[in-house]
Amino acid sequence: MKRRSVLLVAAGPLVLLSAPAQAHLVTTGLGPVYDGVAHFALSLGDVLCVLAFALFAGLRGPRHGRWALFLLAAGWLAGGIFALPLPAPVVWGLTAAGLLLAGGLLAFDARPPVAATAALALGLGLLHGDVNGAGLSDEGVAPLGLLGIAATVFVFSASVMALTLPLRALWSRTAARVAGSWVTAVGLLQVGWLIHAGG
Amino acid sequence: MLKLSFLFLFAVALLTPGVADAHIVAGEAAGFLSGLAHPVSGLDHVIAMVAVGLWGASLGLPALWLLPVAFPVVMAFGGFLGLIGVPLPATELGIALSGVVLGAAVLTGARPPLWAALAVVAVFALFHGHAHGTELPPGQDGLLYSLGFVIATGSLHALGIGIGVLHRWNWGRRLVRLAGGGVLGGGLFFLWEALA
């Protein structure tokens, strides 16, 4: 009986303090954080770049993976915040550079020291964050949108690395490298498209 | 349980209707699917890319994966050259020759040093990529187009590798060589056309 009373007392405030039902998010969408999540998920260039770099870091082992995981997301956020007041950069060029770098590292099975992997993760994060930040400032969802992007980068790269770290079979590591060669090829074609369009 | 699965799939199908693309401008790169279709639209490209996989599988490791890794990258470099307007002479001849040389290599079971096999594949990839680069229509979404294009190329290699792994059995070896003969025949036909 006493327990039931305690539960009723606890439930009362919960009922009285219930949040208003927000069924009409037409104007705000799902909010800036989720806008950021969606922005990353729909930016194929960003997704491919993170995928390739996470595969690369995962294949290099846990030490590389740990540094890459935190610095990629942190760099993304820092680059975004830095670029918020800047005008929009040339997205395609920078995206292509990231694709070339991440895909090339994976395809050629590069074996840099841990410090270099960390620096590359930070650089890639800053580069893409810069692009995102400059773009998002016009859409009015920054800086929470940037937080959503950085969190998604973290979760996505962590998931890919977690799947890649245990890979030992030659075929599976080779499949990852083939994916890297595809990303490199896409990056190269992107650069071509960019120059073609500019000319 | 099966009925439930069907109901679920039906519900998913109902909830994810396709977009009606009633106004695609003719000749325009319409993204991923256009890119995916482009490499398989020409048989001269198809036989050469399948032959790369066949030859790689016949040569065994590490050529099995090195050739299909090298081909897309060099092909994309050729595409890049084509896109920025750098000319490459006798492109059609080079493409036709790729079918002849790669087909002959599979047919005869040629086993050159790895670097030589890589060089052969890279040179021909350049021709194929350049042709694609100069033929690419102005796209609405270059990234999606490029991705579809590269995936189609890789899938053709995978098809060749899939057939090529039969090489470990005697009957399979004959089948792989027969496929090489087919590629050679196709290459000779396209060579004839290129020279005519």
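Across peptide B:60-71, the mean count of Cβ atoms from other chains lying within 10 Å of each residue's own Cβ comes to 3.
Kirkwood-based Rg over Rh for segment A:139-193 (C-alpha set), two decimals? Don't skip to the answer; put the middle values down first.
Working: Rg = 15.9 Å, Rh = 13.8 Å.
Ratio of gyration radius to Kirkwood radius for segment A:139-193: 1.15.
Express the Stokes-Einstein translational diffusion coefficient of segment A:30-198 in µm² s⁻¹, to the nearest whole number, given a Kirkwood radius over alpha-carbon pairs, 4 °C and a viscosity of 1.567 mPa s. Each step should come with its number before you reach the end.
On the way: Rh = 15.7 Å.
My calculation gives 83 µm²/s for D.
Across q = 0.13, 0.21, 0.22 Å⁻¹, segment B:148-196 modelled as identical point scatterers on its alpha-carbon atoms has Debye log10 I(q)/I(0) values of -0.43, -0.81, -0.84, in the order of the q list. Placing unit charges on the Cβ atoms only, positive for Lys and Arg and negative for Asp and Glu, gives segment B:29-195 a dipole magnitude near 740 debye about its Cα centre. Modelled this way, with points 7 Å down the Cα-to-C-beta line, the labels at A:L42 and B:A37 are 2.5 nm from one another. With q set to 0.16 Å⁻¹, the log10 of I(q)/I(0) for segment B:28-92, from the Debye formula over equal scatterers at the Cα positions, is -0.70. Taking only the C-alpha atoms of segment B:29-195, the Rg (one decimal) and the largest Cα-Cα distance, Dmax (whole number), read 15.2, 49 Å.
Take each residue of peptide A:172-184, count the partner chain Cβ atoms within 10 Å of its Cβ, and average: the result is 4.
Using unit Cβ charges (K, R positive; D, E negative) and no other charged atoms, how large, in debye to the nearest 20, is the dipole of segment A:30-198 about its Cα centre? The partial results should precede the final answer.
Working: 7 positive and 6 negative charges, 173 e Å.
Computed about the Cα centre, the dipole is about 840 debye.
Throughout, read-outs are computed from the coordinates displayed, never taken from laboratory work. As the structure is a computational prediction, the values presented were derived from the model and not from experiment. Every residue, glycine among them, receives a Cβ derived from its backbone with ideal geometry; neighbour counts consider all protein chains shown.
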